[in-house]
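The values are calculated or read from the model by the stated rules, or taken from the named source; none is laboratory data. Bear in mind the structure is a predicted one, so any value in this text is a computation, not a measurement. No Cβ is skipped: glycine too gets one built from the backbone with ideal geometry, and neighbour counts run over all protein chains shown. Each accessible area value is taken on the protein alone, full model and side chains, heavy atoms only, with ligands, DNA and RNA left out. Shrake-Rupley method; radii C 1.70, N 1.55, O 1.52, S 1.80 Å.
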Amino acid sequence: MRRALIVAAHPDDVDFGAGGTVAVWTAAGIDVSYCVCTSGEASGDADRDAAEMIRTRRAEQRAAAAHVGVSDVTFLDYPDGAVVASLELRRDITRVIRRVRPDRVLTWSPEINWDMVATTHPDHRAVGEAAFAAVYPDARNPHAHPELLAEGLDPWTVPELWLTDGPAALRNHAVDVTDGFDKKMAALRAHVSQLGAAEGLEEDLRAYFSATAKQHGLADGQLAESFQVVDTS
Ligand SMILES: [Zn+2]
């Protein structure tokens, strides 16, 4: 396990959904790359300047990535709030997979989590569906998106897919993020345009990840993020 790729819809998604896990992975020497499909411009006041918001949110995501040991961040420029699992999005994610050649892809569950609808944004589910199609079969299939072969990007098989923010009953794996929690919080606080002072956020997340750790049999006082891990080998 040397390289992981996170495919997210918006700036800040990875920091909420898997920031502690990314911090633990990079501390263990794993190279982690981000592919963020939109730049989060559908946020802020109605009269905000979209181009300025794109610049702000990209800079915030790069700063957040640095807090958890990530420097390779690709933005795909899809429209925030209007992402669909199109062939074009599958191709663009496949392009990043074939460049990074990850041993593991982490993305959003394409399923609805009725217990926590705030994490079940339609863009998240569309990105999850497209990323799954990119993992299987597109990235490994030389006949998929033949223009990528012309770009010198050979087929690549991703053996493992991790899904976050899906239904709790489908989550079969927990990562002990106790040692990465401070870095996750630092990454989240980098998203100033979204979170402001983030009052109460640390306490809320600590309680949530402590409960997750208990559910998955970790020791008292530990914190965990949970995922549905799928064998795609
Ligand atoms: Zn999001």
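Below are the figures for this structure:
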| read-out | value |
| --- | --- |
| Protein accessible area in the chain, 1.4 Å probe - carbon and sulfur % | 51 percent |
| Residues with amide H under 5 Å from that of residue 72, placed H, sequence gap 5 or more | 34 |
| Proximal charge balance of residue 180 [Cβ under 12 Å; K/R count +1, D/E count -1] | -3 |
| Per residue, in Å², the accessible surface of the range 150-233 once ligands and nucleic acids are set aside, probe 1.4 Å | 50 Å² |
| Radius 13 Å from Cβ of residue 114, net charge of other residues (Lys, Arg +1; Asp, Glu -1) | -2 |
| GNM result for the chain, Cα springs below 10 Å: residue of 217, 19, 128 fluctuating most strongly | 217 |
| Euclidean distance between Cα centres, the range 75-125 to the range 182-224, Å | 23 Å |
| Rounded accessible area per residue of the range 15-96, 1.4 Å, Å² | 42 Å² |
| Among 79, 116, 66 - extreme Cα towards positive end, dipole of the range 33-122, charges at beta-carbon | 66 |
| Rounded to 5, the percent of DSSP beta bridges in the chain classed as antiparallel | 30 percent |
| The chain: C-alpha gyration tensor shape, a/c 1.5 cut-off, then a/b vs b/c | oblate |
| Pair-distance profile P(r), taking every C-alpha pair of the range 39-173, with 5 angstrom steps and integer % | 2, 10, 16, 18, 21, 18, 10, 4, 1, 0 |
| Residue order for 136, 208, 78, 34 - accessible surface, 1.4 angstrom probe, largest first | 136, 208, 78, 34 |
